[in-house]
1. Could you tell me which of GLY106, LEU161, MET90 has its Cα farthest along the dipole of the range 22-173 towards the positive end, charges placed at Cβ (Lys, Arg +1; Asp, Glu -1), taken about the Cα centre?
2. If you put +1 on each Lys and Arg Cβ and -1 on each Asp and Glu Cβ, how big is the dipole of the chain around its Cα centre, in Debye rounded to 20?
3. What Kirkwood Rh does the range 1-173 have if only Cα atoms enter the pairwise 1/r average? Answer in Å.
4. In what order do HIS117, HIS207 fall by count of nearby beta-carbon atoms within 10 Å, going from fewest to most?
5. For the range 241-290, what's the radius of gyration and Dmax over Cα atoms, in angstrom?
6. For the range 56-213, with the dipole built from +1 on Lys and Arg beta-carbon atoms and -1 on Asp and Glu ones, taken about the Cα centre, which of VAL176, SER211, THR186 lies farthest toward the positive end?
7. Please report the relative contact order for the range 175-302, taking Cα pairs under 8 Å with a sequence separation of at least 6, and give it as a percent rounded to a whole number.
8. The range 191-264: which trypsin sites (Lys or Arg not before Pro) are DSSP loop and have at most 13 other beta-carbon atoms within 10 angstrom?
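Rule-based calculations on the coordinates, nothing more; no lab input. Small disclaimer: the values here were computed from a predicted structure and weren't measured. With ideal geometry, Cβ positions are generated from the backbone for all residues, glycine too; neighbour counts draw on all protein chains shown.
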Amino acid sequence: MPSEERTSSGYLRIIQPQLLIWVLLTYSIGVGLVKLQGGNLDWGNILFGSLLGIFLILMRGYLSAFFDHPNSPTSSLNKDDPRYALLKGMERQTLLVIAMTLLTAGALDTVLLMFRHAINFSTILILGLGFLISFFAATPPLQLDKRGYGEVGEAILICNLVPALGYLLNEHSLHVLLIMLTLPITLLYLAFMIVNSLETYAFDRTHRVQSMVVRLDWLRSMQVHNYLVLIAFLFVAVFALLGQPWSLTWPMFLPLLIGIFQIIQIQGIINGAPPRWKILKLTAGGTFVVMAYLVSFTLWIL
């Protein structure tokens, strides 16, 4: 492959397609709730709002690559890290240009939504919080991704703020039902992030990569993982008692068996069983994705 093509594919590899799919999936929950409540859906606002979520995720990725670049004075990337070789073959300034272009596109998108009278104070608050999480996850001096808090910020952004944005672009204020639907999904996403970091725990700890699992430690992070899965489904039950419609509640219990299998695998590792990372990651991702999909699907068909 010619060097130019190799470099171009490198810039594309920074994009994490699964994150973009998950943004669209959770965004559809907010829009679906508006539809369920009988609100008027403006498909122009829905389209431009979905682009905002995508721009935030992409901007974060390219800003992170810019500050992780081996030529960056703030880079703490180890030479053994697979990202080191990938970023080494890229122009650092090009990464910044792409990030700023995405930021500008997001700003123009927001202005366009203002002209369409889709932006109110609540929407600005959600957008501002989403921007701050994305920006400071990758940018010094905070660099939340390097301090063990990046996973929490990512979960809040994808599972809470993005669906809230989808809802607010069609309604004037948030509804408590949106929180009930998205909070369990957020906890499952955090559990999935822990599973992903467990596989690289030894490398991260020896190379001073401060992930959430390294901050919590190996055993404690697995215990937290189990609590997150259990509490997620406990919240589903509690919210049902607090008035969440049963038609929305019962589909959220369907991934429970996958979640239990997920906990059994983690408990096996705690007890000394050899980890089967592919199955474990597939299970953890499946619990999150299946619940998010079932919530969205139910909202749209009711």
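1. Value: MET90.
2. On the way: 18 positive and 15 negative charges, 95 e Å.
With Lys and Arg at +1 and Asp and Glu at -1, about 460 debye.
3. Values: mean 1/r = 0.0590 Å⁻¹.
Result for the range 1-173 stands at 16.9 Å.
4. Working: HIS117 9, HIS207 15.
Fewest-to-most ranking of HIS117, HIS207: HIS117, HIS207.
5. Cα radius of gyration and Dmax of the range 241-290 are 13.9, 43 Å respectively.
6. The listed residue farthest towards the positive side: SER211.
7. Numbers: 116 pairs, mean separation 41.8, N = 128.
Rounded, it is 33 percent for the range 175-302.
8. Numbers: sites: ARG205, ARG208, ARG215, ARG220; in loops: ARG208.
Sparse-neighbourhood loop trypsin sites (Lys or Arg not before Pro): ARG208.
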